[in-house]
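*Asks:* Sharing a structure below in structure tokens format, with a few things to ask.
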Amino acid sequence: MKKKYLGFLLAITLGASVAIPANAEVAGWHDNGSSWSYLRSDGTKIRGQWLQDRENWYYFELDGTMKTGWIQDKGNWYYLYSNGAMAHDTTVDGYYLGSSGAWTNASKEWTCPQIKSTATSDVSAGFKILHDELGFGYSSGWAGYSTYSDNPTYVTPTALSVTKMNKSIHNAEIELIIRQWKDDANIKNSYRVQPMAKQLFKFYFQNGSDTLFDDVETIYHGTDAQAYTLLDHVITYGDRQVLFTCPDGNALTMWISAPGESITK
């Protein structure tokens, strides 16, 4: 009797183990090393279509790989950041993307100025350059860009500001604060902030400015897990280091080193 009972239990155990696939994967995002994919609850990949995850949209190729960069879908052009999130209500490479993310010919009668110079060791002189080439308000210790006025000398409140630090905090040469990033219909000219930020990054980062822009976009529009890999971390872009902090949960502060020097936490 005892042997039969044990055999019965063994049969049940084996039967149960057969019912669970050995290669079952958890639904959701999957890091494939050089790319990302998304599995449905039935274990199949999302292929050749859009996915909305929280407030962001992502697109996947027919092989299930998440797309980045420019894509064309059903006759419309879209831009996907390096983290896969679809850009919208902003200008990328000179093209305005509407609220749906699609490129539109509709002009907002504004062309982002292009920075021609690069930053030098004279931080105060750099603020004057930001005024002359990008329209920032400035003084010897500060430069700022406001979305609330078409007057370039109107400096408060500012969406973007740069302050001379003299290595007094975190060994930073400058502190760059972003107070407005997302396009907001209730805030005048807020769609100008991202294109202006891209020019500002090019001024201070001769190498790595595009990666920096994508990382800031990730902090604002990526998942919490993606943002946490950047916030309160020191990251190198070209010959400068950046420490990202967000002390009030809204404005993003970037502590930026002088070229070739290190940020301290």
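*Asks:* Just to confirm my filter: which strands (runs of 3 or more DSSP E) fall fully inside the stretch 58-141 and include at least 3 residues that are under 23 Å from Ser35 (Cα atoms)?
*Replies:* 69-73, 76-80
*Asks:* Additional query: Taking the stretch 23-57 as the region of interest, how many residues are open to solvent by less than 50 Å² (accessible area, probe 1.4 Å) and within 18 Å of the chain's Cα centre (by Cα)?
*Replies:* Going through the stretch 23-57 one residue at a time, the tally reaches 3.
*Asks:* Against the condition open to solvent by 70 Å² or more (accessible area, probe 1.4 Å) and more than 22 Å from Asn189 (Cβ to Cβ), how does Trp103 come out, does it pass?
*Replies:* So Trp103 does not fit the description; no.
*Asks:* For the stretch 190-231, which positions are more than 17 Å from Tyr96 (Cβ to Cβ) and touching a residue at least 40 places away in the same chain (Cβ under 8 Å)?
*Replies:* Leu200, Lys202, Phe203, Tyr204, Gln206, Thr211, Asp214, Thr218, His221, Gly222, Thr223, Gln226
*Asks:* Being in contact (Cβ under 8 Å) with a residue 40 or more places away in the chain, aliphatic (A, V, I, L, M), over 15 Å from Thr120 (Cα atoms) and assigned to a strand (DSSP E or B) is the filter here; which residues of the stretch 234-265 pass it?
*Replies:* Leu243, Leu252, Met254
*Asks:* On to the next question. Quick one: how many residues across the stretch 199-222 are more than 15 Å from the chain's Cα centre (by Cα), part of a loop (DSSP other than H, G, I, E, B) and surrounded by fewer than 22 Cβ atoms within 10 Å (Cβ to Cβ)?
*Replies:* Number of matching residues: 2.
*Asks:* Let me ask you something else. If you scan the stretch 242-265, which residues turn out to be open to solvent by 40 Å² or more (accessible area, probe 1.4 Å) and over 15 Å from the mean Cα position of the chain (by Cα)?
*Replies:* Pro247, Asp248, Gly249, Pro259, Gly260, Glu261, Ser262, Thr264, Lys265
*Asks:* Filter the stretch 160-198 for residues that are open to solvent by less than 10 Å² (accessible area, probe 1.4 Å) and closer than 15 Å to Tyr138 by Cβ and give the result.
*Replies:* Leu160, Ser161, Val162, Ile174, Leu176, Met196
*Asks:* Still on this structure: Of all residues in the stretch 58-96 being modelled with pLDDT under 90 and at positive phi, which is least open to solvent (accessible area, probe 1.4 Å)?
*Replies:* Going through the qualifying residues, I end up with Asp89.
The values are calculated or read from the model by the stated rules, or taken from the named source; none is laboratory data. Note that the structure is a prediction, hence the values are computed from the model and not measured. For neighbour counting, all protein chains shown are included, and Cβ atoms are generated from backbone atoms with ideal geometry for every residue, glycine included. The protein model used for the area step is the full one, side chains on, heavy atoms only, and it has no ligands, DNA or RNA in it. Shrake-Rupley method; radii C 1.70, N 1.55, O 1.52, S 1.80 Å.
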